[in-house]
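Trainee: Have a look at this one before I ask anything.
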Amino acid sequence: MPTISDVKWNHAAASAASAALRRAAAVLRQAASERSSAARQATAEWRGGERDAFDLRLRQLLDAAEQLAAKYTRAAVLIDRASARAREEQKRQEREREREELQRRGQGRAI
């Protein structure tokens, strides 16, 4: 009876989550780019204090979108790394089980 169990990790769910985070980051970046272009066109002739306030708020929103997209991307990378570690650990455990099995077989013959 092996004493080492399999790694409990849902690779499919992790892959889906990582892909969803990357898609969300791309959508955020695309939307921010589109909003920025639309704002440039809409404000080409706008002057004054209200324009300055608009520009400041737009910059804050675009920065927030980029920060969120970057967090999504970092989270996707962390999930990918965790999946890689789970695969590596599973392989290690399989090698350890094989080693235990070989030892068990060897001890059984010696008796």
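The values are calculated or read from the model by the stated rules, or taken from the named source; none is laboratory data. These numbers were taken from a predicted model, which means no experiment stands behind them. Using ideal geometry, Cβ is built from the backbone for each residue, glycine included, and neighbour counts are taken over all protein chains shown.
Trainee: Counting only residues that are of a type in the set (Gly, Ala, Ser) and surrounded by 14 or more Cβ atoms within 10 Å (Cβ to Cβ), which one in region 59-70 is nearest to SER18 (Cα to Cα)?
Mentor: Ranking the qualifying residues of region 59-70, first place goes to ALA69.
Conditions (1) more than 31 Å from the chain's Cα centre (by Cα); (2) surrounded by 12 or more Cβ atoms within 10 Å (Cβ to Cβ); (3) in a helix (DSSP H, G or I); (4) among the polar types (S, T, N, Q), marked per residue:
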| position | (1), (2), (3), (4) |
| --- | --- |
| ARG22 | no, yes, yes, no |
| ARG57 | no, no, yes, no |
| THR73 | no, yes, yes, yes |
| SER83 | no, yes, yes, yes |
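Trainee: Being in contact (Cβ under 8 Å) with a residue 60 or more places away in the chain and not β-branched (Val, Ile, Thr) narrows it down to one of ARG87, ARG105, so name that one.
Mentor: Just one listed residue meets the conditions, ARG87.
Trainee: While we're here: Cβ-Cβ below 8 Å, separation at least six or inter-chain, first residue in region 48-65 and at pLDDT 95 or above, second in a helix (DSSP H, G or I) and of a type outside the set (A, V, I, L, M, F, W, C): which pairs?
Mentor: Cβ pairs passing all conditions: LEU58/ARG35; LEU58/SER36; LEU61/ARG35; LEU62/ARG35; LEU62/SER36; ALA65/ARG29.
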